[in-house]
1. Out of V23, V64, report the one residue that is touching an Asp or Glu at 6+ places or on another chain (Cβ under 8 Å) and modelled with pLDDT of 75 or more.
2. Determine the pairs where a residue that is under 26 Å from V54 (Cα atoms), located within the stretch 14-36, has a partner that is of a type in the set (S, T, N, Q) and assigned to a loop (DSSP other than H, G, I, E, B) with Cβ atoms under 7 Å apart, the partner being 6 or more residues away or on another chain.
3. Kindly provide the set of residues from the stretch 45-61 that are β-branched (V, I, T) and at pLDDT below 80, ordered by number.
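The values are calculated or read from the model by the stated rules, or taken from the named source; none is laboratory data. Predicted model, so just to flag it, every value in this text is computed and none were measured. For neighbour counting, all protein chains shown are included, and Cβ atoms are generated from backbone atoms with ideal geometry for every residue, glycine included.
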Amino acid sequence: MAATAVNMGININSNFRTVVFSVIGHLLSLQSSQGSVGWHLSGGTPVSYNVDQVNLLDDKNQPVQDTWADGSPKLLRCKRKD
């Protein structure tokens, strides 16, 4: 009986932490706008970076459809305009 209560307490604690960190992650992603500066650690030192999207071009300087490892095309999601 005591083991069941301990297991239940561990599960409740784990579920609570999962919800809290999920909310923190969603709130941080809502604050980040396109082109905003991010941070990562390099040798223990925080370094700022900005991820840029690069268009793939072939040898004739024409755009190339990017593909996944299995050869299927990477499609961009477009926001719907109402």
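1. Sole residue among the options that is touching an Asp or Glu at 6+ places or on another chain (Cβ under 8 Å) and modelled with pLDDT of 75 or more: V64.
2. Listed pairs, sorted by first residue: G35/N50.
3. V51, V54
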